[in-house]
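Worksheet for the structure shown next.
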Amino acid sequence: MITARRFVTPIAGLAAIALLLLYDPWIVPPNGVRPALTVIFWVAAVVLLVLLFQDRNNPQAQNVEVEGPAFSRYLFGNTRAGLFWLPIRIFLGFAWLLAGWGKVSGSGWINDGGSALLKSWNSYVAIPQTGKPPVTFEWYRSFLQILIDNHAQSWFAWLIAFGEMAVGIGMLVGALVGIAAFFGATMNMSYMLAGSASTNPILFALTVGLMLAWRVAGYYGVDRYLLPLLGVPWRRRTAAAGTAAAGTAAAGTAAAGVATPDGGTTLAT
């Protein structure tokens, strides 16, 4: 674990340098270097996430080094703040549920083998002779082109339609709100990367709030009972284990001996 923490800073620095060389307008890398820098950045970013995930079990990782404002702690960690997130959940839940149901019951998605989705993909990857293409980032345009070349629209349409409905249902009933919000934000980001703004910026901003408040956002819903059954928040289980261990140690001490008036101990019977 200590070895993993040792490599976090240099790997993060490598990712930052690669990103700087890619997007600094005054630094123009030689031809053929940009693809290599892109690979270096993504590999370093993935490795960094893995190392940080492993570092979560380090005892030092539990220390709060930068204390947040009291209001943010209340908003994201107090059960009464769940009343604030409840209308946001309902709004987002219906937005996702109706969007998914429209794709399931309408044409061009489930019923037509994803023809509407394929049409959208083709428009996204098209590069106009003048002006900017709909997709700004080359790597995302390449990803869409891979999906097109492999005729992925037939199953990807199902994934999007039922994924949107699942996110909507999860938010409406308050079940695993943090996970539902994560996948909702992922879809919002995917749509925005493809150049589709619509309501996605607003939905994305609200969904990020639910992700930060995952512990209490579904308190007035299924999460009030589901999260304790799953053992989360995890700190509660850790604290309970520590309390039980302390109680066992105290009981053992009490059973081993009792103090005598002269300061000594005698075995308890």
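One table, with the values for the structure above:
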| item | result |
| --- | --- |
| Odd one out for ALA250 among (1) at pLDDT 90 or above; (2) in a helix (DSSP H, G or I); (3) small (Gly, Ala, Ser) | (1) |
| Filter result for the condition that a residue is outside the structural domain of MET165 (by TED's automatic domain parsing) and either out of contact with any helix residue (DSSP H, G or I) (no Cβ under 9 Å at 6 or more places or on another chain) or of a type in the set (Gly, Ala, Ser) (or both), over GLY114, GLY32, GLY108 | GLY32 |
| Single residue of ALA70, ALA18, ALA44 found to be touching a residue at least 24 places away in the same chain (Cβ under 8 Å) and under 30 Å from LEU210 (Cβ atoms) | ALA44 |
| Number of positions in region 180-228 that are buried (at least 20 other Cβ atoms within 10 Å of the Cβ), in contact (Cβ under 8 Å) with a residue 40 or more places away in the chain, farther than 22 Å from ALA161 by Cβ and touching a Lys or Arg at 6+ places or on another chain (Cβ under 9 Å) | 6 |
| Yes/no for SER123 being in contact with a Leu (Cβ under 9 Å, 6 or more places away or on another chain), within 28 Å of LEU203 (Cβ to Cβ) and hydroxyl-bearing (Ser, Thr, Tyr) | no |
| Test: GLY93 is at positive phi and either not assigned by TED's automatic domain parsing to the domain that holds SER120 or not acidic (Asp, Glu) (or both) | no |
| Matching helices (runs of 4 or more DSSP H) fully within region 130-222 where at least 1 residues are touching a Gly at 6+ places or on another chain (Cβ under 6 Å), assigned by TED's automatic domain parsing to the domain that holds SER120 and within 26 Å of TRP85 (Cβ to Cβ) | 153-173, 177-193, 200-212 |
| Complete set of residues in region 57-67 that are surrounded by fewer than 10 Cβ atoms within 10 Å (Cβ to Cβ) and either among the hydrophobic types (A, V, I, L, M, F, W, C) or free of Cβ contacts under 8 Å to residues at least 24 places away in the same chain (or both) | PRO59, ASN63, VAL64, GLU65, VAL66, GLU67 |
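Results for (1) surrounded by fewer than 16 Cβ atoms within 10 Å (Cβ to Cβ); (2) in contact (Cβ under 8 Å) with a residue 24 or more places away in the chain; (3) within 30 Å of GLY218 (Cβ to Cβ), shown as yes or no for each residue.
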residue	(1), (2), (3)
SER115	yes, yes, no
ILE127	yes, no, no
THR136	yes, yes, no
TYR140	no, yes, no
LEU159	yes, no, yes
MET165	no, yes, yes
ILE169	yes, yes, yes
GLY178	no, yes, yes
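The values are calculated or read from the model by the stated rules, or taken from the named source; none is laboratory data. Not measured: the values here are computed from a predicted model. Please note: Cβ atoms are built from the backbone with ideal geometry, for glycine as well, and neighbour counts cover all protein chains shown.
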